[in-house]
Ligand SMILES: [Zn+2]
Ligand SMILES: [Zn+2]
């Protein structure tokens with residue numbers, strides 16, 4: 001039970017007993033109500049809430065120490081001219097009060113009484129984590145990058161410091177709830193406290209709203225933050241940017257920003273873990289005779305790859321340390337797959353030579369073994 005509960009709830013009326021009720025009568029009344037409202041027997045809508053309220057009330061009033069504290073809190077509220085006017089700064093001066101006021105008040109924040117805020121959120125609250133997604137190029141993932149992110153959301157209005165009142169004006173006591181922030185409702189003989197619909201529980205009405213935030217105490221703002229994307233990031237990775245999420249309220253810490261990074265496909269390179277795959281076209285003669293060829297690497301330059309003689313189509317060569325940067329340091333490898341290309345057009349001497357070549361290899365049938373193998377299966 002918090003001090004706020006003490007201030008807000010009328011345990012005597014919840015139990016339907018007089019303020020001077022003795023222990024025996026209190027117990028009797030509680031037992032009767034508990035029987036009627038117990039969720040196992042009473043399936044009526046709202047019965048469970050009433051049961052909880054009754055249990056809470058009894059828990060306080062049946063305990064001599066708690067009841068004394070409760071009575072004291074309620075008395076202060078009344079003597080100060082309504083609970084909304086309860087001022088803990090003055091309360092300490094009251095005679096006969098021996099408890100530790102800070103303890104009793106718990107997280108009770110005086111500013112909330114006079115602000116436009118919801119009393120339920122009176123304690124400082126950590127901001128929510130926000131999630132957003134960005135797409136980056138393969139090259140940005142390779143090199144690492146920084147990206148500006150525009151985040152739109154609620155921030156506390158600086159003009160009124162979140163109160164919603166026009167600066168220089170003082171909020172008035174809410175007449176609907178007489179400044180208590182709550183209206184009492186009678187349900188089945190029990191008094192229940194509802195948050196005041198006029199002042200939303202603040203107990204105060206801003207007669208002159210802050211024009212900057214239309215009296216809400218919050219404004220939408222676009223924040224631009226810079227996210228650093230480490231080199232070698234994999235697609236769908238989530239980065240947690242500490243304290244870059246929603247701002248906290250009442251001095252609470254900001255939440256984090258969870259950034260999901262999508263790495264777009266590249267026209268040349270394909271990611272394979274820390275390795276990078278590339279397909280490299282070579283001529284027939286380069287494959288037959290062997291050659292030294294320049295192949296592209298993710299840095300934007302080339303490295304020389306040695307193709308041995310009689311290299312078959314589709315063979316993959318590994319070029320060490322030309323892949324993706326690893327998060328643990330170093331780099332993966334580049335895996336270069338050889339693809340023998342057929343010329344689109346062949347003319348002149350090259351055509352002549354190739355025709356002569358063809359004549360020389362007429363009897364060399366590369367499908368002979370395939371056909372023989374197939375025939376053997378039918379025997
Ligand atoms: Zn404002
Ligand atoms: Zn009100």
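The values are calculated or read from the model by the stated rules, or taken from the named source; none is laboratory data. Keep in mind that what you see is a predicted model, and the values were worked out from it rather than measured. Cβ atoms come from the backbone with ideal geometry, glycine included; neighbour counts cover every protein chain shown.
Only one of 223, 250, 204 is at pLDDT below 95 and touching a helix residue (DSSP H, G or I) at 6+ places or on another chain (Cβ under 7 Å); which? Break it down into steps so the answer makes sense when it comes.
Numbers: 223 fails: touching a helix residue (DSSP H, G or I) at 6+ places or on another chain (Cβ under 7 Å); 250 fails: touching a helix residue (DSSP H, G or I) at 6+ places or on another chain (Cβ under 7 Å).
One residue alone meets the criteria, 204.
Matching residues to (1) within 16 Å of ligand 1 (Cβ to nearest atom); (2) without any contact (Cβ under 8 Å) to a residue 60 or more places away in the chain; (3) more than 30 Å from residue 275 (Cβ to Cβ); (4) outside the structural domain of residue 326 (by TED's automatic domain parsing):
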{"position": "140", "(1), (2), (3), (4)": "no, no, no, yes"}
{"position": "150", "(1), (2), (3), (4)": "no, no, yes, yes"}
{"position": "178", "(1), (2), (3), (4)": "no, no, yes, yes"}
{"position": "208", "(1), (2), (3), (4)": "yes, yes, yes, yes"}
{"position": "212", "(1), (2), (3), (4)": "yes, yes, yes, yes"}
{"position": "215", "(1), (2), (3), (4)": "yes, no, yes, yes"}
{"position": "219", "(1), (2), (3), (4)": "yes, no, yes, yes"}
{"position": "223", "(1), (2), (3), (4)": "no, no, yes, yes"}
{"position": "241", "(1), (2), (3), (4)": "no, yes, no, yes"}
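The number of residues in the stretch 190-203 being near ligand 2 (Cβ under 8 Å from one of its atoms) and in contact with a strand residue (DSSP E or B) (Cβ under 8 Å, 6 or more places away or on another chain) comes to 6.
Out of curiosity, is residue 314 at pLDDT 95 or above, over 30 Å from residue 130 (Cβ atoms) and surrounded by fewer than 16 Cβ atoms within 10 Å (Cβ to Cβ)? Full working, then the answer.
Values: at pLDDT 95 or above: yes; over 30 Å from residue 130 (Cβ atoms): yes; surrounded by fewer than 16 Cβ atoms within 10 Å (Cβ to Cβ): yes.
So residue 314 fits the description; yes.
The residues on offer are 186, 212, and the sole one that is away from ligand 2 (no atom under 16 Å from the Cβ) and at pLDDT below 80 is 186.
Part of a strand (DSSP E or B) and in contact (Cβ under 8 Å) with a residue 24 or more places away in the chain: which single residue out of 232, 191 fits that description?
Values: 232 fails: part of a strand (DSSP E or B).
The conditions single out 191.
Looking only at the stretch 156-172, decide whether some residue is buried (at least 16 other Cβ atoms within 10 Å of the Cβ), at pLDDT 75 or above, assigned to a strand (DSSP E or B) and away from ligand 2 (no atom under 16 Å from the Cβ). For the stretch 156-172, residues buried (at least 16 other Cβ atoms within 10 Å of the Cβ), at pLDDT 75 or above, assigned to a strand (DSSP E or B) and away from ligand 2 (no atom under 16 Å from the Cβ): present.
Out of all the residues in the stretch 346-368, is one or more surrounded by 11 or more Cβ atoms within 10 Å (Cβ to Cβ), outside any loop (DSSP other than H, G, I, E, B) and in contact with a helix residue (DSSP H, G or I) (Cβ under 8 Å, 6 or more places away or on another chain)? No, that holds for no residue. You will find that of 304, 311, the residue that is free of Cβ contacts under 8 Å to residues at least 60 places away in the same chain, touching a strand residue (DSSP E or B) at 6+ places or on another chain (Cβ under 9 Å) and within 30 Å of residue 143 (Cβ to Cβ) is 304 and no other. When the criteria are applied in full, residue 12 meets the requirement of being closer than 26 Å to residue 176 by Cα, more than 42 Å from the chain's Cα centre (by Cα) and either modelled with pLDDT of 85 or more or crowded, with 16+ Cβ neighbours inside 10 Å (or both).
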